[in-house]
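Shown next, in structure tokens, is the structure this report addresses.
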Amino acid sequence: MRVTSSHRPRGRVTAAVALTAVLALTATACGDDGSSASGDEGSGRGEITFWDNNGGPRTAVWKEIIKDFEAANKDIKVKYVPIPITDVQSKYDTAIAGGGLPDVGGVGTAYLSNIVAQEALEPVGDRIKESSLDGRLVESMVEGVRTAGGRGDEMYTVPTSANNGTLWYRTDLFEKAKLEAPTTWDAFYTAAEKLTDADRNAFGYTIRGGAGSVAQALDAIYGQSGLTEFWKGEKTTVNAPENVAALEKYVGLYKRTTPEADVNNDFAKMVAQWDSGTIGMLSHNLGSYQDHVKALGEEKFAGIPNPTGPGGVRVQVSNPVDGLGLFKASKNKAAAWKFIEFAASHESNSKWNEAAGAIPANTEAAKDEWINKSEPTKLGARSLTDGSTKIVQLPYYLPDWNSITKADNEPEFQKLLLGKTTPKAFLDKLAGELNEAQAEWEEQNK
């Protein structure tokens, strides 16, 4: 049962894991596929199933990589299953409880700990050390995966890519309005006002009010407040006065310099709206680059890392690291691992990230020429490595992180946009749930 109030009962994760174990034992006893069993190394041949955690936008490139893999491994076939990004965590939870997990699945750090807590993923640290990937994975992404897993130094996915918060802006509209690039938050707000003419259906910004809204709002408020730590002692800084003030300014854009329909927009609607209209700015990530190129051409837009805040310092929240997980229930882990190793190799990892406009996890792929040809990706990669950006590390290791920031509080963010709650009340509720989840996690990990 999902708890949606601000008071979350302690021991929730432990209870969930226990329930999953009981269901798995029952399924096995009844002759089910026993998806929570320890699986088997298998023969290294035959068919394996792969779940793509962003099915649709990434289907074409994955099918190309699978075709390459099957050509190099003629005794292995990969069954490709596209899972919409909005459904992936619930799909995994359902399969863990009732059976039917894949051999390999895309797993992002935003929900990694939830799957690890349910004992569904195979540790991959030793496999990496004995493979061609050893020493060839970007250390910051490796550390992100380790931290998010919440099990010390062990890794439960092989990192494949990272994204970066990006402020996309219409260079043609900025030039026409004689505006400078929105490299600071002050310039951002000035542009949002100046580019808005509601009578002509022209707006300065599109705000994310649907799925993914809380994550984007956190990026905006920490970027403006300049706070660089998510925790201060045992309590979160989410509802610090500086963040409350920043959120008040940010949501104040809604309906004034943004379309009213934004209250329901997820990333797909928001991107489509920006690509086809006369909206000045869009906050998303590097993943929508190819969409913008197709819709606008390279000459009408640009993408930069988040604006700088107090003292000229850029602060942004950590972005999830995407990766590939090997599921314990697999009956052919040897073949599944071959696929993971191939997909994370130089050529495949470069191919995938170039198609997605993301930052490769393979160190050799990260040096490929296409990164320098894609200005937004180059700037994003540089901002993460040259020391110019302060990263607020979000607690992806909390098993409840995804449910707190999505199911529990995205509807609350819509209420905030509609004026049915206040920035302080919204952040106090969010902070209370995060503090309780952190206390639970600390108690369980003593």
Task: Highest-first arrangement of 95-108, 269-282, 411-424, where packing means the average Cβ count within 10 Å - done: 95-108, 269-282, 411-424
- [ ] For S374, S345, S38, write out the residues from largest to smallest accessible area, computed with a 1.4 angstrom probe and no ligands counted.
- [x] S38, S345, S374
Task: Residues with amide H under 5 Å from that of L324, placed H, sequence gap 5 or more - done: V107, V158, T160
Task: Cross-link table K338/K406; K178/K300; K194/K429, entries beyond 26 Å C-alpha to C-alpha - done: K338/K406; K194/K429
Task: segment 97-181: translational diffusion in µm²/s, Stokes-Einstein, Kirkwood Rh over Cα pairs, 10 °C, 1.306 mPa s - done: 102 µm²/s
Open item on the list: What's the ranking of 69-77, 210-218 by average number of surrounding C-beta atoms within 10 Å, highest first?
Closed with: 210-218, 69-77
Task: Dipole of the chain [Lys/Arg +1, Asp/Glu -1 at C-beta], most positive-end residue of G226, T166, F188 - done: F188
Task: Between helix 59-72 and the chain: long-axis angle, C-alpha atoms, 0 to 90°, nearest 10 - done: 30 degrees
- [ ] Quick one: work out the % antiparallel among DSSP beta bridges in the chain, nearest 5.
- [x] 60 percent
TODO: Please give the contour-minus-distance gain from E41 to K294: 0.36 nm per residue of separation, less the Cα-Cα distance, rounded to one decimal in nm.
DONE: 86.7 nm
- [ ] Using amide H atoms built 1.01 Å from N in the peptide plane, name the residues 5+ places from M155, or on other chains, whose amide H lies under 5 Å from its own.
- [x] V124, G125
Task: Helix 346-356 axis, angle to the chain major axis (alpha carbon atoms, nearest 10°) - done: 40 degrees
TODO: Kindly identify segment 309-446 as rounded, prolate or oblate by the Cα gyration tensor criterion: order the square roots of the eigenvalues as a ≥ b ≥ c, call it rounded if a/c is under 1.5, otherwise compare a/b with b/c, prolate if a/b is larger, else oblate.
DONE: oblate
Open item on the list: Just to verify a number: what accessible area does K338 come out at with the full protein assembly present, 1.4 Å probe, Å² rounded to tens?
Closed with: 90 Å²
Task: Rounded accessible area of T147 (nearest 10 Å², 1.4 Å probe) - done: 70 Å²
Open item on the list: Could you work out the pair-distance distribution P(r) of the chain from its alpha-carbon pairs, with 10 angstrom bin width and percents rounded to whole numbers?
Closed with: 4, 21, 31, 26, 14, 4, 0, 0
Open item on the list: In whole Hz and in residue order, list the ³J(HN,Hα) couplings for segment 422-433 that follow from phi through the Karplus curve 6.51 cos²θ - 1.76 cosθ + 1.60, θ = phi - 60°; x for Gly and Pro.
Closed with: 10, x, 5, 5, 4, 6, 5, 5, 4, 5, x, 5
Open item on the list: Please report the accessible area of E440 (heavy atoms, 1.4 Å probe, ligands and nucleic acids excluded) in Å², nearest 10.
Closed with: 10 Å²
Task: Under Karplus coefficients 6.51, -1.76 and 1.60, residue-wise ³J(HN,Hα) of segment 282-299 in Hz, glycine/proline x - done: 9, 9, 8, 9, 5, x, 9, 3, 5, 4, 5, 4, 5, 7, 10, x, 5, 7
Task: On Cα atoms only, tilt of 267-276 relative to the major axis of the chain in degrees - done: 50 degrees
Task: Tail beyond 17 Å, pair distance distribution of segment 238-301 (Cα, percent) - done: 48 percent
TODO: Please list, in chain and number order, the residues 5+ apart from N265 or on another chain whose amide H is under 5 Å from its amide H, with Hs placed from the backbone.
DONE: G209, G210
Task: Calculated Rg and Dmax of segment 151-301 using C-alpha coordinates, Å - done: 16.8, 56
Task: Helical mean residue ellipticity (222 nm; -39500 (n - 2.57) per DSSP H run of 4+; nearest 500) of the chain - done: -13000 deg cm²/dmol
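The values are calculated or read from the model by the stated rules, or taken from the named source; none is laboratory data. If you're wondering where the values come from, they're calculated on a predicted model, not measured in any experiment. Cβ atoms come from the backbone with ideal geometry, glycine included; neighbour counts cover every protein chain shown. These area figures cover heavy atoms from the full protein model, side chains too; ligands, DNA and RNA do not enter into them. Shrake-Rupley method; radii C 1.70, N 1.55, O 1.52, S 1.80 Å.
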